[in-house]
Amino acid sequence: MATVLLLRHGRTTANATGELAGRLPVELDDTGRAQAERAGERLRSLPLAAVVTSPLIRCRTTVELALPGRAPVVDEGLTECGYGDWEGRPLKELAKEPLWPVVQQHPSAAVFPNGEAMAAMSARAIATIRRWDAQISAEHGPDALWLACSHGDVIKAIVADAMGLHLDQFQRIVADPASVSVIRYTPTRPFVVRLNDTADLQSLIPPPSADAERSDAAVGGGAGGGV
């Protein structure tokens, strides 16, 4: 199967002020824009078969800055968890809510007031990634690389599933702004190749296929014989 790179958006104004953005249209701040551009330096040399993004502006801007010229596909399945009445409120204030310990210790039971259940967020995000991965594998082959730009909790839920962890353990995973986590799905199990990564990504480029290597050798032999 193909390999998916999960890119979190860069830092936003809400991240900087300690507010829960949720699905509000918050923008990247200057730090976040610089993070997105640095992520692009790592991503642009990769042969990405597809780029898919959350519809929220912070993800679309991150992709635009990281991969200028690419036209990402927007998929609602990658959008942020719907935090309902919690959106736009300071985290230090939310930490006093009775629901906060549930979100931190038993997130599979958390349902945000007038919002989404974390279990529902996890299920639709995982289904979206697996659907795209199967489609890209069918169209581009098992060595294909593709990118999905999404949000911290969404990425953590996808990674937890790939690691065989219950959603109640997903808070142990970290997905920093503009970091990349990499998953390779196979018919038997997923493999988490990178997690919260900000280093070089060149090792993800698949080696030439056996057919390509034989073709290169044939061309090299022909050139040598003609000298």
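The table for this structure:
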{"item": "Selected residue (only one of L48, L28, L7, L43 is among the aliphatic types (A, V, I, L, M) and farther than 19 Å from A199 by Cβ)", "result": "L28"}
{"item": "Checking A36 against (1) part of a strand (DSSP E or B); (2) buried (at least 22 other Cβ atoms within 10 Å of the Cβ), the condition it does not meet", "result": "(1)"}
{"item": "Identity of the residue in region 1-32, basic (K, R) and in contact with a helix residue (DSSP H, G or I) (Cβ under 8 Å, 6 or more places away or on another chain), that ends up most open to solvent (accessible area, probe 1.4 Å)", "result": "R11"}
{"item": "The one condition in (1) open to solvent by 80 Å² or more (accessible area, probe 1.4 Å); (2) at pLDDT 95 or above; (3) part of a loop (DSSP other than H, G, I, E, B); (4) farther than 30 Å from K96 by Cβ that E41 fails to fulfil", "result": "(3)"}
{"item": "Residue check for G10: free of Cβ contacts under 8 Å to residues at least 60 places away in the same chain and not aliphatic (A, V, I, L, M)", "result": "no"}
{"item": "Residue under evaluation P25, criteria (1) closer than 26 Å to I126 by Cβ; (2) under 16 Å from the mean Cα position of the chain (by Cα), criterion not met", "result": "(2)"}
{"item": "Candidates A66, A71, filtered to the one that is among the hydrophobic types (A, V, I, L, M, F, W, C), closer than 21 Å to P25 by Cβ and either in contact with a Leu (Cβ under 7 Å, 6 or more places away or on another chain) or surrounded by 14 or more Cβ atoms within 10 Å (Cβ to Cβ) (or both)", "result": "A66"}
{"item": "Only one of V103, V111 that is open to solvent by 40 Å² or more (accessible area, probe 1.4 Å), of a type in the set (A, V, I, L, M, F, W, C) and more than 29 Å from A2 (Cα to Cα)", "result": "V111"}
{"item": "Selected residue [surrounded by 22 or more Cβ atoms within 10 Å (Cβ to Cβ), touching a residue at least 60 places away in the same chain (Cβ under 8 Å) and among the small types (G, A, S)] from A178, A125", "result": "A178"}
{"item": "When residues of region 47-63 are limited to those that are open to solvent by less than 10 Å² (accessible area, probe 1.4 Å) and in a helix (DSSP H, G or I), the one farthest from D29 (Cα to Cα)", "result": "V63"}
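The values are calculated or read from the model by the stated rules, or taken from the named source; none is laboratory data. The structure presented is a predicted model; accordingly, all values stated were derived computationally and were not measured. Quick reminder, even Gly has a Cβ in these numbers, built from the backbone with ideal geometry, and neighbours come from all protein chains shown. Calculation scope for accessible area: heavy atoms of the full protein, side chains included, ligands and nucleic acids excluded. Shrake-Rupley method; radii C 1.70, N 1.55, O 1.52, S 1.80 Å.
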